[in-house]
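The values are calculated or read from the model by the stated rules, or taken from the named source; none is laboratory data. Model, not experiment: these values are computed from the prediction. Backbone-built Cβ (ideal geometry, glycine too); neighbour counts: all protein chains shown.
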Amino acid sequence: MKVPEHIAFSYLLAQFGVQQAYGPAGTALTILAGCLPDLDGLTVVAGWSFYRRYHRIVGHGLPVTLLGPALLAALGSCLLHLGAFLPLWLWLQVALLGHLLTDFCFYRWPLQLLWPVSTRGWGLGLVAWNDLLPTATLYAAAAMALASPAVAPMAAAAGLGGLFTYLAWRAWRPRPRSSWSAWLAGNWARQSAPVWRWLTGDFIT
Ligand SMILES: [Zn+2]
């Protein structure tokens, strides 16, 4: 997924317990953990070829997966005094694994999950780069959770449930069958102004 979608996904995940147990600081850490692998996207500042060589590899490999959430949990537990290390670490680890799981399901852009031990790439490519439905689902659920904290866990369940239902649908029916579903699944981006693609987190087409 793209970064704004990872932010929305992690924010929704935090509504299942982190927000209630640790408050906004816990939610912020969950969002950080959920975006951590995409730090390798910052390689874009070193140039396009550098980005193509390292994005979806360095941040999505074993060192960040195994150590990143633990370091963030240590920060939350020891420096921010949010509470015991272990439950916080578990939530942050789930947020990071959620990032890897969604990246694995989306796009034809393999992840090197075992880097640097192995350079084998994995990915299902269920969703096209500009598919609007996952973005709209996550944004709508996050907006609902933000606007109405009392229903935030329900909004999160609906948003994440909707996202995974859509992924299952795409696995079953890989190609859209009508022109409007093809438009939603990516064709809208062909003739749209860049600002609309930026809103979905697409800064590279
Ligand atoms: Zn990623």
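In the set 54, 11, only one residue is under 30 Å from residue 205 (Cβ atoms) and modelled with pLDDT under 95; that residue is 54.
Residues in region 12-26 that are farther than 20 Å from residue 163 by Cα and surrounded by fewer than 20 Cβ atoms within 10 Å (Cβ to Cβ): 20, 21, 23, 24, 25. Only helices (runs of 4 or more DSSP H) whose full extent lies in region 1-63 are considered here, and the ones with at least 2 residues that are closer than 23 Å to residue 116 by Cβ and in contact (Cβ under 8 Å) with a residue 24 or more places away in the chain are 18-35. Can you name every residue in region 72-96 that is within 16 Å of the ligand (Cβ to nearest atom) and either without any contact (Cβ under 8 Å) to a residue 24 or more places away in the chain or surrounded by fewer than 16 Cβ atoms within 10 Å (Cβ to Cβ) (or both)? None; the set is empty.
If the condition is being part of a helix (DSSP H, G or I), in contact (Cβ under 8 Å) with a residue 40 or more places away in the chain and more than 18 Å from residue 100 (Cα to Cα), then region 114-141 contributes 132, 133, 139, 141.
Please indicate, with yes or no, whether at least one residue in region 36-43 is within 12 Å of the ligand (Cβ to nearest atom), of a type in the set (Gly, Ala, Ser) and closer than 20 Å to residue 204 by Cβ. Scanning region 36-43 turns up at least one residue that is within 12 Å of the ligand (Cβ to nearest atom), of a type in the set (Gly, Ala, Ser) and closer than 20 Å to residue 204 by Cβ.
Name the residue that is farthest from residue 69 (Cα to Cα), counting only residues in region 11-35 that are away from the ligand (no atom under 12 Å from the Cβ) and under 12 Å from the mean Cα position of the chain (by Cα). Explain how you work it out, then say what you get.
At the first step, the residues of region 11-35 found to be away from the ligand (no atom under 12 Å from the Cβ) are 11-33.
Still in the running and under 12 Å from the mean Cα position of the chain (by Cα): 11-13, 30-33.
Numbers: 11: 16, 12: 18, 13: 15, 30: 9, 31: 11, 32: 9, 33: 6 Å.
Residue satisfying both the conditions and the ranking: 12.
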